[in-house]
Amino acid sequence: MFERKGFLDARLLDITREAQCSAGSFYTYFDSKEEILAAVLGEAQEEMLHPGTERVAADDDPAAVVAASNRAYFEAYRRNARLMALLEQVAQIDPEIADLRRRRAAAFVERNARSIADLQRAGRADAEVDPMLASEALSAMVSRLAYGHFVGRSAGAASLPGPGDAEFEALVFTATRLWVNALGLDGARP
C-alpha cells in the first residue's frame, strides 16, 4: 500500500483492507502506520545488509569479494527500490524513520569498516587509510549510486537495469573499481 499510494496518502483503512484484517487486529501489532512502515523497512534492510552474496573464500582476491558484495547490494536495492524511495521521503518528515535511516546507514558503515580493517591487517589494503572514514565515503557512494539508478530516475520497476543488463554490469564494475582503487587493494582487479 505504501508503495502504491505513498506514505502520506496510505490510510490505515487501506492498509487493513490490503492485509485483510480489522483495525483492532492492526492495533494488536502496531501503534501507528509509522510503526508498520518501520517494520517493513526493517525487513528490507535485513535483505540488503545480508543479501546472500555468493560465497567467496576469505583468501580470494579482495576485488572478487567487493564485486560480489556490490552486486548483491545493487540487486537487493533494485528489488526494494520503492521502499528505499519511501525511506528517503518519510525520513524528511518523521524523526523515528530518520533515526531508522541513520541506524541503517551505520550498520553498513560499521560492517564495511570491519572488512577494510581486516584487509589492512592482512596487508592487502592501504594501511594509511582510516577504515571508518573510508567506509563512510565508500558506503555513501554506493548507496547514492543505487538511489540514483533505481529510484531517482525510474519510471517503474520494469525499466530498472537488472543483472545481465549492460547498465547494471557497468554499475557493479564501476563501484567495485572505485572501492578497489580507493583502498589500494594490492593490484586486485574487479
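Of note:
- Total residues in segment 10-37 satisfying the condition of being of a type in the set (Asp, Glu) and either within 25 Å of the chain's Cα centre (by Cα) or on the phi > 0 side of the Ramachandran plot (or both): the figure is 2.
- Any hit, segment 42-54, residues being surrounded by fewer than 19 Cβ atoms within 10 Å (Cβ to Cβ), in the same structural domain as residue 132 (by TED's automatic domain parsing) and of a type in the set (A, V, I, L, M, F, W, C): yes
- Test set (1) in contact (Cβ under 8 Å) with a residue 40 or more places away in the chain; (2) farther than 16 Å from residue 65 by Cβ; (3) surrounded by 18 or more Cβ atoms within 10 Å (Cβ to Cβ); (4) under 12 Å from the mean Cα position of the chain (by Cα) - residue 80 fails condition number: (1)
- Applying the condition of being closer than 28 Å to residue 4 by Cα and more than 17 Å from the chain's Cα centre (by Cα) to segment 85-116 and asking which residue is surrounded by the most Cβ atoms within 10 Å (Cβ to Cβ) yields 94.
- Against the list (1) surrounded by fewer than 19 Cβ atoms within 10 Å (Cβ to Cβ); (2) at pLDDT below 95, the condition residue 119 fails is (1).
- Of all residues in segment 103-142 being acidic (Asp, Glu) and part of a loop (DSSP other than H, G, I, E, B), the one that is nearest to residue 84 (Cα to Cα): 130
- Any hit, segment 141-151, residues being surrounded by fewer than 14 Cβ atoms within 10 Å (Cβ to Cβ) and modelled with pLDDT under 95: yes
The values are calculated or read from the model by the stated rules, or taken from the named source; none is laboratory data. This is a predicted model, so every value here is computed, not measured. Ideal geometry is used to build each Cβ from the backbone, glycine not excepted, and the neighbour counts take in all protein chains shown.
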